[in-house]
Amino acid sequence: MDTPDADGLLADQLLRLTRRVHRIQKRHLQTRGLGITPAQSRLLRTLAHYDSPPRMADLAERLEVVPRAVTTLVDGLEASGKVRRVPDPTNRRVIRIELTHDGRQALRELRGARRAAAEDILAPLTDKQRTVLGGLLDTLVDGMGTEADGTGAGVHGTGAAREPKRDC
């Protein structure tokens with residue numbers, strides 16, 4: 001008889017949790033009637049972290065996707081008025097992507113949907129368990145604990161997860 005593979009079981013649990021997070025977040029997005037997919041949501045959140053409008057290639061790199069995927073996402077968000085393509089002021093051949101007023105409004109709604117989804121998922125945990133989970137997730141995502149980077153950032157008892165560094 002084979003012994004259980006502990007790492008394999010953990011990997012399965014993480015995958016199931018990831019799917020559950022996506023399902024719950026999608027449900028909250030649909031409830032709010034924003035007409036935004038989780039992938040579009042991620043692009044909007046990423047776009048909001050830039051000081052000036054990025055190029056599509058910058059977004060693709062930050063999102064770790066192929067540029068064509070960003071084009072499709074931007075097309076949908078532009079059609080709904082949440083982003084717009086603008087010419088680069090120094091090189092007219094370069095197009096940059098910026099949030100519109102409707103896009104910033106949608107981001108506020110998205111934050112609420114994400115908070116509600118996090119509350120649903122984290123509800124069974126105590127504050128102490130959330131702090132432990134936050135530390136563990138920081139270690140897995142960043143490859144180090146929060147003490148190593150000195151920020152102390154993460155879930156850590158707040159009930160809300162921070163954005164992954166790659167989306168900043």
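What about Q40, is it closer than 21 Å to L59 by Cα, at pLDDT 90 or above and of a type outside the set (S, T, Y)? For Q40, the condition - closer than 21 Å to L59 by Cα, at pLDDT 90 or above and of a type outside the set (S, T, Y) - is met.
Residue pairs whose Cβ atoms lie under 7 Å apart, separated by 6 or more positions or on different chains, with the first residue in the stretch 115-128 and more than 16 Å from R19 (Cβ to Cβ) and modelled with pLDDT of 90 or more and the second open to solvent by less than 70 Å² (accessible area, probe 1.4 Å) and small (G, A, S), are E119/G159; L122/G159; D127/G157. Listed conditions (1) at negative phi; (2) out of contact with any Ser or Thr (no Cβ under 8 Å at 6 or more places or on another chain) are all met by G33, apart from (1). Applying the condition of being under 17 Å from the mean Cα position of the chain (by Cα) and among the small types (G, A, S) to the stretch 39-57 and asking which residue is farthest from E98 (Cα to Cα) yields A39.
Among the residues of the stretch 52-93, the ones that are in contact with a strand residue (DSSP E or B) (Cβ under 6 Å, 6 or more places away or on another chain) and surrounded by fewer than 15 Cβ atoms within 10 Å (Cβ to Cβ) come to 3 in all. One residue is enough: does the stretch 4-21 have a residue meeting the conditions under 16 Å from G103 (Cα atoms), of a type outside the set (S, T, Y) and assigned to a helix (DSSP H, G or I)? Taking every residue of the stretch 4-21 in turn, none turns out to be under 16 Å from G103 (Cα atoms), of a type outside the set (S, T, Y) and assigned to a helix (DSSP H, G or I). Exactly one residue out of Q25, Q105, Q30 is closer than 25 Å to L122 by Cβ and either surrounded by fewer than 16 Cβ atoms within 10 Å (Cβ to Cβ) or aromatic (F, W, Y) (or both): that is Q30.
Among the residues of the stretch 108-121, those identified as of a type in the set (D, E, K, R) and either closer than 13 Å to M56 by Cβ or crowded, with 16+ Cβ neighbours inside 10 Å (or both) are E109, R114. Just to verify a result, which residue in the stretch 33-49, among those that are in a loop (DSSP other than H, G, I, E, B) and touching a residue at least 24 places away in the same chain (Cβ under 8 Å), is least open to solvent (accessible area, probe 1.4 Å)? Here the answer is I36.
The values are calculated or read from the model by the stated rules, or taken from the named source; none is laboratory data. Just so you know, these numbers come straight off a predicted model, no measurement behind them. So basically every Cβ, Gly included, is an ideal-geometry build from the backbone, and we count neighbours across all protein chains shown. Just the protein is used for accessible areas: all its heavy atoms, side chains included, with ligands, DNA and RNA removed. Shrake-Rupley method; radii C 1.70, N 1.55, O 1.52, S 1.80 Å.
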